[in-house]
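Scroll down for the structure; my scribbles are underneath it.
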Amino acid sequence: MSQVEEHTGASAPIYASWAELLTWMQEIARERGLRYQKISDFPDYIYRMERPYDLPVTTASASICDRGGVPLLLASVSPRHVAAKSVQLRLMGGSRYWHLHAGAQGLQQGSWRLDRARLEELVEQASKQAEAR
């Protein structure tokens, strides 16, 4: 087993779910007239040199921002060297935070499951909070 297979084999579901989350974020931002912003790439993508890169995306963290560029929601995923990989989701301007793992039905924290509709609700809540400030 190669080092790449060792890191991505069992963790492939988290990165597939992460790629889906990024797609939802981009779509929701576009539909609502907000901004999707890539924040960082995976370190092993940046420093890969001549090595092949096998994850489905290069983005390690991203946000949805209001029209003025102020972040409403921030999302990031663990790099491949972390043993217990997760996706972190945070609403800005408050203390709402989720530490999501890949489950049978996608990203979840316990029984709380993240799907596109729930992400849309979170963005809507964050937008309302930002407008109230």
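Some points to look at:
- For 25, 92, order by how many other beta-carbon atoms lie within 10 Å, fewest first: 92, 25
- With Cα atoms, 0 to 90° folded angle of helix 116-132 axis to the chain main axis: 50 degrees
- Neighbour cut-off at most 16 other Cβ (10 Å), DSSP loop, trypsin sites (Lys or Arg not before Pro), the stretch 8-102: 48, 67, 96
- To the nearest ten degrees, helix 12-32 and the longest principal axis of the Cα atoms of the chain are 30 degrees apart.
- Selected from 24, 72, 105, residue furthest toward positive end of dipole (the stretch 3-132; charges at beta carbon): 72
- The fewest-to-most ranking of 39, 64, 28, 14 by surrounding Cβ atoms within 10 Å reads 39, 28, 14, 64.
- Counting 0.36 nm for each residue step from residue 101 to residue 88 and taking away their Cα separation leaves a gain of 3.8 nm.
- The candidate values were (i) -0.34, -0.49, -0.86; (ii) -0.27, -0.40, -0.81; (iii) -0.30, -0.43, -0.79; the one computed from these coordinates for log10 I(q)/I(0) by the Debye sum over Cα atoms at q = 0.09, 0.11, 0.16 Å⁻¹ carries the label (ii).
- Of 50, 20, the sequence from fewest to most neighbouring Cβ atoms within 10 angstrom is 50, 20.
Values in this text are rule-based calculations from the coordinates and carry no lab data. Small disclaimer: the values here were computed from a predicted structure and weren't measured. Ideal geometry is used to build each Cβ from the backbone, glycine not excepted, and the neighbour counts take in all protein chains shown.
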